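Have a look at the structure below before the remarks.
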Amino acid sequence: MTRDLVSAGTAKGNLSNEELVARITVLKKEMNALILAHYYTVPEVQQVADIVGDSLALARAAEKNCADVIVFAGVYFMAETAKLLNPGKLVLMPDSHAGCPLADSCPPAEFRKFKELHPEALVITYINSTAEIKALSDITCTSSNAEQIIRQIPKEQPIIFAPDKNLGGYLSRTLKREMFLWQGCCYVHDAFTEPYILQACREHPEAELIAHPECREEVLRHADFIGSTQALLQHTVSSSAESFIVATEPGILYEMKKRSPQKTFIPAPKDRENPHSLCTQMKQNTLLKLYHCMLNRSPEITVPEALQSAALKPIRRMLDMSA
Ligand code: 13P
Ligand code: SF4
(Lines give C-alpha, C1' and ligand atoms only; values in the text may rest on other atoms or scores of the structure.)
(Ligands and ions follow the chains in the order given, each with its own letter.)
Protein backbone atom coordinates (compact mmCIF):
# COMPACT_ATOMS: atom_id res chain seq x y z
CA MET A 1 0.00 0.00 0.00
CA THR A 2 1.45 3.41 -0.95
CA ARG A 3 1.38 6.45 1.32
CA ASP A 4 -1.41 7.96 -0.85
CA LEU A 5 -3.51 4.84 -0.42
CA VAL A 6 -2.78 4.77 3.29
CA SER A 7 -4.21 8.28 3.65
CA ALA A 8 -6.99 8.09 1.01
CA GLY A 9 -10.64 8.44 2.01
CA THR A 10 -10.00 9.22 5.64
CA ALA A 11 -11.65 12.62 5.89
CA LYS A 12 -15.12 11.08 5.72
CA GLY A 13 -14.14 8.45 8.24
CA ASN A 14 -16.02 5.86 6.14
CA LEU A 15 -13.42 3.12 6.41
CA SER A 16 -14.28 -0.36 7.60
CA ASN A 17 -12.46 -1.81 10.60
CA GLU A 18 -10.64 -4.25 8.27
CA GLU A 19 -9.42 -1.34 6.14
CA LEU A 20 -8.33 0.61 9.21
CA VAL A 21 -6.42 -2.39 10.56
CA ALA A 22 -4.68 -2.85 7.18
CA ARG A 23 -3.64 0.81 7.08
CA ILE A 24 -2.52 0.84 10.72
CA THR A 25 -0.39 -2.23 9.99
CA VAL A 26 1.33 -0.46 7.08
CA LEU A 27 1.93 2.69 9.14
CA LYS A 28 3.24 0.65 12.07
CA LYS A 29 5.96 -0.83 9.88
CA GLU A 30 6.73 2.44 8.10
CA MET A 31 7.07 4.36 11.40
CA ASN A 32 8.71 1.53 13.39
CA ALA A 33 5.93 2.09 15.91
CA LEU A 34 4.94 0.08 18.95
CA ILE A 35 1.22 0.11 19.76
CA LEU A 36 0.42 -0.36 23.46
CA ALA A 37 -3.17 -0.84 24.62
CA HIS A 38 -4.69 -1.17 28.06
CA TYR A 39 -7.10 -4.04 28.77
CA TYR A 40 -9.94 -1.54 29.19
CA THR A 41 -9.81 -0.32 25.57
CA VAL A 42 -12.30 -1.62 22.98
CA PRO A 43 -11.62 -5.10 21.49
CA GLU A 44 -10.77 -3.83 18.00
CA VAL A 45 -8.01 -1.63 19.44
CA GLN A 46 -6.70 -4.50 21.58
CA GLN A 47 -6.63 -6.66 18.42
CA VAL A 48 -4.32 -4.31 16.54
CA ALA A 49 -1.98 -3.59 19.48
CA ASP A 50 1.50 -5.12 19.78
CA ILE A 51 1.11 -5.40 23.53
CA VAL A 52 -2.08 -5.39 25.61
CA GLY A 53 -1.59 -5.18 29.35
CA ASP A 54 -2.27 -3.54 32.67
CA SER A 55 -0.57 -0.33 33.81
CA LEU A 56 2.60 -2.05 34.99
CA ALA A 57 3.06 -4.30 31.95
CA LEU A 58 2.58 -1.32 29.65
CA ALA A 59 5.02 0.86 31.61
CA ARG A 60 7.57 -1.97 31.36
CA ALA A 61 6.93 -2.35 27.63
CA ALA A 62 7.38 1.41 27.20
CA GLU A 63 10.66 1.22 29.11
CA LYS A 64 12.24 -1.53 27.01
CA ASN A 65 11.65 -1.53 23.26
CA CYS A 66 13.41 -0.74 20.00
CA ALA A 67 10.60 1.31 18.46
CA ASP A 68 11.02 4.88 17.22
CA VAL A 69 7.42 5.78 17.98
CA ILE A 70 5.16 4.67 20.85
CA VAL A 71 1.42 4.84 20.26
CA PHE A 72 -0.44 4.58 23.55
CA ALA A 73 -4.10 3.54 23.53
CA GLY A 74 -4.89 4.19 27.16
CA VAL A 75 -5.38 7.30 29.27
CA TYR A 76 -3.20 10.38 29.51
CA PHE A 77 -1.09 9.47 32.55
CA MET A 78 -0.06 6.21 30.83
CA ALA A 79 1.20 7.97 27.69
CA GLU A 80 2.85 10.60 29.89
CA THR A 81 4.67 7.82 31.79
CA ALA A 82 5.81 6.34 28.46
CA LYS A 83 7.13 9.76 27.42
CA LEU A 84 8.98 10.22 30.73
CA LEU A 85 10.67 6.86 30.12
CA ASN A 86 11.44 7.79 26.49
CA PRO A 87 12.17 11.51 26.31
CA GLY A 88 13.77 11.13 22.86
CA LYS A 89 10.91 9.21 21.24
CA LEU A 90 7.72 10.37 19.64
CA VAL A 91 4.82 9.31 21.89
CA LEU A 92 1.33 9.54 20.39
CA MET A 93 -2.18 9.00 21.74
CA PRO A 94 -5.30 8.41 19.65
CA ASP A 95 -7.15 10.98 21.79
CA SER A 96 -5.16 13.20 24.13
CA HIS A 97 -8.41 14.22 25.85
CA ALA A 98 -8.73 10.71 27.29
CA GLY A 99 -7.79 11.68 30.84
CA CYS A 100 -8.16 9.73 34.06
CA PRO A 101 -10.59 11.38 36.52
CA LEU A 102 -8.81 9.59 39.39
CA ALA A 103 -5.50 11.21 38.41
CA ASP A 104 -7.27 14.56 38.06
CA SER A 105 -8.77 14.25 41.56
CA CYS A 106 -5.43 15.23 43.07
CA PRO A 107 -4.55 18.88 42.25
CA PRO A 108 -0.85 19.63 42.90
CA ALA A 109 -1.43 22.76 45.04
CA GLU A 110 -3.73 20.86 47.43
CA PHE A 111 -1.46 17.83 47.44
CA ARG A 112 1.47 20.06 48.47
CA LYS A 113 -0.57 21.25 51.46
CA PHE A 114 -1.48 17.63 52.30
CA LYS A 115 2.22 16.73 52.26
CA GLU A 116 2.98 19.65 54.58
CA LEU A 117 0.60 18.14 57.15
CA HIS A 118 2.77 14.98 57.24
CA PRO A 119 6.34 16.16 56.60
CA GLU A 120 7.84 12.93 57.94
CA ALA A 121 5.92 10.72 55.49
CA LEU A 122 7.26 8.93 52.45
CA VAL A 123 5.03 9.70 49.47
CA ILE A 124 3.86 6.70 47.47
CA THR A 125 1.55 7.49 44.59
CA TYR A 126 -0.42 5.27 42.31
CA ILE A 127 0.77 5.50 38.71
CA ASN A 128 -2.72 6.91 37.99
CA SER A 129 -1.46 10.41 38.75
CA THR A 130 -0.29 13.41 36.78
CA ALA A 131 3.37 14.22 36.11
CA GLU A 132 3.06 17.13 38.60
CA ILE A 133 1.99 14.72 41.35
CA LYS A 134 4.69 12.22 40.42
CA ALA A 135 7.22 15.05 40.74
CA LEU A 136 6.03 15.49 44.35
CA SER A 137 6.34 11.75 45.10
CA ASP A 138 9.06 9.40 46.32
CA ILE A 139 7.84 6.18 44.71
CA THR A 140 5.18 5.33 42.17
CA CYS A 141 3.29 2.02 42.19
CA THR A 142 0.55 0.20 40.32
CA SER A 143 -2.07 -2.15 41.67
CA SER A 144 0.19 -5.05 40.57
CA ASN A 145 3.23 -4.08 42.63
CA ALA A 146 1.92 -1.82 45.43
CA GLU A 147 2.07 -4.54 48.11
CA GLN A 148 5.53 -5.66 47.02
CA ILE A 149 6.83 -2.08 47.18
CA ILE A 150 5.27 -1.15 50.52
CA ARG A 151 6.59 -4.35 52.13
CA GLN A 152 10.09 -3.03 51.42
CA ILE A 153 9.48 0.16 53.45
CA PRO A 154 10.38 -0.14 57.17
CA LYS A 155 7.25 -0.51 59.35
CA GLU A 156 8.03 2.61 61.38
CA GLN A 157 8.22 4.82 58.26
CA PRO A 158 4.95 6.83 57.88
CA ILE A 159 3.46 6.73 54.38
CA ILE A 160 1.22 9.04 52.38
CA PHE A 161 -0.70 7.13 49.71
CA ALA A 162 -2.45 8.97 46.86
CA PRO A 163 -4.73 9.41 45.04
CA ASP A 164 -6.97 6.31 45.36
CA LYS A 165 -8.55 5.93 48.83
CA ASN A 166 -9.98 2.48 48.03
CA LEU A 167 -6.65 1.00 46.92
CA GLY A 168 -4.93 2.81 49.80
CA GLY A 169 -7.47 1.42 52.30
CA TYR A 170 -7.05 -2.08 50.89
CA LEU A 171 -3.24 -1.85 51.20
CA SER A 172 -3.48 -0.43 54.69
CA ARG A 173 -5.75 -3.31 55.84
CA THR A 174 -3.77 -6.03 54.06
CA LEU A 175 -0.34 -4.83 55.18
CA LYS A 176 -1.63 -3.80 58.62
CA ARG A 177 -0.07 -0.38 58.53
CA GLU A 178 -1.49 3.09 58.99
CA MET A 179 -1.23 5.34 55.96
CA PHE A 180 -2.31 8.92 55.30
CA LEU A 181 -4.74 8.53 52.40
CA TRP A 182 -5.65 11.09 49.77
CA GLN A 183 -9.44 10.82 49.30
CA GLY A 184 -9.66 10.27 45.53
CA CYS A 185 -11.33 7.34 43.79
CA CYS A 186 -11.97 5.83 40.37
CA TYR A 187 -15.62 6.40 39.40
CA VAL A 188 -15.66 3.10 37.49
CA HIS A 189 -14.67 0.90 40.44
CA ASP A 190 -16.28 3.03 43.16
CA ALA A 191 -19.64 2.55 41.40
CA PHE A 192 -19.93 -1.05 42.63
CA THR A 193 -21.88 -1.24 45.89
CA GLU A 194 -22.66 -4.01 48.33
CA PRO A 195 -26.42 -4.48 47.67
CA TYR A 196 -26.01 -5.02 43.91
CA ILE A 197 -22.90 -7.15 44.32
CA LEU A 198 -24.68 -9.37 46.87
CA GLN A 199 -27.68 -9.64 44.57
CA ALA A 200 -25.39 -10.80 41.72
CA CYS A 201 -23.79 -13.35 44.08
CA ARG A 202 -27.25 -14.68 44.99
CA GLU A 203 -28.24 -14.89 41.32
CA HIS A 204 -25.03 -16.76 40.43
CA PRO A 205 -24.17 -18.84 43.50
CA GLU A 206 -21.74 -20.98 41.47
CA ALA A 207 -19.66 -17.96 40.39
CA GLU A 208 -16.55 -16.61 42.12
CA LEU A 209 -16.61 -12.88 42.85
CA ILE A 210 -13.31 -11.33 41.74
CA ALA A 211 -12.57 -7.65 42.35
CA HIS A 212 -10.01 -4.95 41.62
CA PRO A 213 -8.63 -3.22 44.77
CA GLU A 214 -9.92 0.13 43.46
CA CYS A 215 -13.37 -1.17 44.56
CA ARG A 216 -14.88 -0.15 47.90
CA GLU A 217 -14.21 -2.18 51.04
CA GLU A 218 -17.94 -3.10 51.19
CA VAL A 219 -17.37 -4.95 47.88
CA LEU A 220 -13.86 -6.29 48.55
CA ARG A 221 -14.97 -7.94 51.79
CA HIS A 222 -17.17 -10.33 49.77
CA ALA A 223 -14.60 -11.11 47.07
CA ASP A 224 -13.16 -14.60 46.60
CA PHE A 225 -10.13 -13.04 44.93
CA ILE A 226 -8.75 -9.46 44.85
CA GLY A 227 -6.10 -8.34 42.39
CA SER A 228 -4.91 -5.97 39.69
CA THR A 229 -6.33 -6.36 36.20
CA GLN A 230 -3.48 -8.71 35.31
CA ALA A 231 -3.87 -10.76 38.51
CA LEU A 232 -7.63 -11.08 37.94
CA LEU A 233 -6.97 -12.32 34.43
CA GLN A 234 -4.42 -14.89 35.62
CA HIS A 235 -6.79 -16.02 38.36
CA THR A 236 -9.59 -16.74 35.87
CA VAL A 237 -7.19 -19.00 33.97
CA SER A 238 -5.80 -20.88 36.98
CA SER A 239 -8.97 -21.14 39.12
CA SER A 240 -11.06 -24.31 38.90
CA ALA A 241 -14.22 -22.14 38.96
CA GLU A 242 -16.23 -22.13 35.75
CA SER A 243 -17.86 -18.72 36.19
CA PHE A 244 -16.87 -15.35 37.60
CA ILE A 245 -18.57 -12.11 38.59
CA VAL A 246 -15.98 -9.55 37.54
CA ALA A 247 -15.88 -6.33 39.59
CA THR A 248 -13.66 -4.18 37.42
CA GLU A 249 -13.89 -2.41 34.06
CA PRO A 250 -15.53 -4.90 31.67
CA GLY A 251 -12.99 -4.28 28.87
CA ILE A 252 -10.94 -7.05 30.49
CA LEU A 253 -13.70 -9.57 29.69
CA TYR A 254 -12.49 -9.65 26.09
CA GLU A 255 -9.11 -11.14 27.11
CA MET A 256 -10.67 -13.32 29.83
CA LYS A 257 -13.01 -14.93 27.28
CA LYS A 258 -10.15 -15.31 24.80
CA ARG A 259 -8.03 -17.20 27.35
CA SER A 260 -10.87 -19.30 28.81
CA PRO A 261 -13.56 -19.61 26.12
CA GLN A 262 -15.36 -22.38 28.03
CA LYS A 263 -15.84 -20.21 31.16
CA THR A 264 -18.59 -17.68 31.93
CA PHE A 265 -17.83 -14.05 32.81
CA ILE A 266 -20.49 -11.83 34.33
CA PRO A 267 -19.70 -8.10 34.53
CA ALA A 268 -20.46 -7.00 38.10
CA PRO A 269 -23.60 -4.85 38.10
CA LYS A 270 -23.28 -1.15 38.86
CA ASP A 271 -27.01 -0.89 39.50
CA ARG A 272 -30.23 -2.20 37.99
CA GLU A 273 -30.26 0.30 35.12
CA ASN A 274 -26.54 0.19 34.38
CA PRO A 275 -25.22 -3.35 34.42
CA HIS A 276 -21.74 -2.23 33.25
CA SER A 277 -19.51 0.37 34.85
CA LEU A 278 -17.47 1.58 31.89
CA CYS A 279 -14.42 3.82 31.74
CA THR A 280 -15.58 6.20 29.02
CA GLN A 281 -12.09 7.71 28.79
CA MET A 282 -10.55 4.37 27.81
CA LYS A 283 -13.26 3.92 25.17
CA GLN A 284 -12.29 7.23 23.54
CA ASN A 285 -9.46 5.28 21.89
CA THR A 286 -11.25 4.23 18.71
CA LEU A 287 -9.64 2.44 15.78
CA LEU A 288 -10.26 5.49 13.56
CA LYS A 289 -8.54 7.84 16.02
CA LEU A 290 -5.68 5.38 16.36
CA TYR A 291 -5.23 5.41 12.59
CA HIS A 292 -5.45 9.22 12.37
CA CYS A 293 -2.92 9.78 15.14
CA MET A 294 -0.42 7.56 13.35
CA LEU A 295 -1.11 9.11 9.95
CA ASN A 296 -0.77 12.67 11.28
CA ARG A 297 1.85 11.90 13.95
CA SER A 298 -0.40 13.81 16.33
CA PRO A 299 -1.51 14.36 19.07
CA GLU A 300 1.98 14.11 20.46
CA ILE A 301 2.43 13.74 24.24
CA THR A 302 5.00 15.99 25.86
CA VAL A 303 6.05 16.67 29.44
CA PRO A 304 7.27 20.14 30.49
CA GLU A 305 11.07 20.04 30.81
CA ALA A 306 10.95 21.41 34.36
CA LEU A 307 9.02 18.32 35.50
CA GLN A 308 10.85 15.62 33.60
CA SER A 309 13.58 14.46 35.97
CA ALA A 310 11.50 14.86 39.17
CA ALA A 311 8.54 12.96 37.67
CA LEU A 312 10.75 10.20 36.28
CA LYS A 313 12.50 9.51 39.61
CA PRO A 314 9.55 7.77 41.38
CA ILE A 315 8.79 5.74 38.25
CA ARG A 316 12.38 4.48 38.11
CA ARG A 317 12.24 3.62 41.81
CA MET A 318 9.06 1.63 41.20
CA LEU A 319 10.63 -0.30 38.33
CA ASP A 320 13.77 -0.99 40.39
CA MET A 321 11.78 -2.10 43.47
CA SER A 322 9.56 -4.47 41.48
CA ALA A 323 12.02 -5.81 38.93
P1 13P B 1 -4.27 -1.71 36.50
O2 13P B 1 -4.07 -1.61 35.04
O3 13P B 1 -2.98 -1.53 37.25
O4 13P B 1 -5.01 -2.90 36.95
O5 13P B 1 -5.14 -0.43 36.94
C6 13P B 1 -6.47 -0.35 36.63
C7 13P B 1 -6.86 0.97 36.14
O8 13P B 1 -7.82 1.53 36.58
C9 13P B 1 -6.08 1.56 35.08
O10 13P B 1 -6.44 2.85 34.90
FE1 SF4 C 1 -8.89 6.21 35.58
FE2 SF4 C 1 -10.66 4.48 36.61
FE3 SF4 C 1 -10.60 4.87 33.98
FE4 SF4 C 1 -8.59 3.57 35.22
S5 SF4 C 1 -10.69 2.92 35.04
S6 SF4 C 1 -8.41 5.18 33.68
S7 SF4 C 1 -8.52 4.68 37.17
S8 SF4 C 1 -11.11 6.40 35.55
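The values are calculated or read from the model by the stated rules, or taken from the named source; none is laboratory data. Just so we're clear, the structure is a prediction, and the values are computed from it rather than from any experiment. Here the Cβ is made from the backbone with ideal geometry for all residues, glycine too, and neighbour counts use every protein chain on show. The accessibility values were calculated without ligands, DNA or RNA, using every heavy atom of the protein model including side chains. Shrake-Rupley method; radii C 1.70, N 1.55, O 1.52, S 1.80 Å.
See the values below:
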item	result
Spatial separation of Cα centroids for the stretch 128-142 and the stretch 158-230, in angstrom	21 Å
Largest to smallest principal axis extent of the C-alpha atoms in the stretch 189-255, angstrom	28, 24, 19
Förster radius 22 Å - calculated FRET efficiency between residue 262 and residue 19 (Cβ-Cβ, nearest 0.05)	0.10
Per residue convex hull volume, Cα atoms of the stretch 1-147, in Å³	126 Å³
Distribution of pairwise C-alpha distances over the stretch 70-151, 10 Å bins, in %	17, 44, 32, 7, 0
Only Lys, Arg (+1) and Asp, Glu (-1) charged, at Cβ; the chain dipole about Cα centre in debye	520 debye
Residue 242-residue 272 pseudo-label distance in nm [points 7 Å out on the Cα-to-Cβ vector]	3.1 nm
The stretch 43-117, accessible surface, carbon-and-sulfur percent (1.4 angstrom probe)	54 percent
Links that overshoot a 22 Å alpha carbon limit, given the list 29/64; 64/115; 28/258; 28/89	64/115; 28/258
Counted charge near residue 134, where neighbours are those whose Cβ lies closer than 9 Å (Asp, Glu -1; Lys, Arg +1)	-1
Cα-based shape type of the stretch 244-288, given that a ≥ b ≥ c are square roots of the gyration tensor eigenvalues and the cut on a/c is 1.5	oblate
Average Cα contact separation per residue, the stretch 74-187, under 8 Å, 6 or more apart, as relative contact order %	25 percent
Inverse mean reciprocal Cα-Cα distance (Kirkwood Rh) of the chain, Å	20.5 Å
Net lengthening on full extension, residue 118/residue 288 (0.36 nm per residue, minus Cα-Cα)	56.5 nm
Cβ-derived FRET efficiency at R0 41 Å, residue 155 paired with residue 310, nearest 0.05	0.90
Expected 222 nm ellipticity per residue - DSSP helices of 4 or more, -39500 (n - 2.57), all of the chain, to 500	-12500 deg cm²/dmol
Net lengthening on full extension, residue 199/residue 26 (0.36 nm per residue, minus Cα-Cα)	57.5 nm
Fraction of antiparallel bridges per DSSP, the chain only, in percent to nearest 5	5 percent
Rough spin-label spacing in nm, given labels placed 7 Å along Cα→Cβ, for residue 224 and residue 176	2.8 nm
The chain - accessible surface per residue (Å², probe 1.4 Å)	43 Å²
Whole-percent carbon and sulfur share, accessible surface of the stretch 182-275, 1.4 Å	50 percent
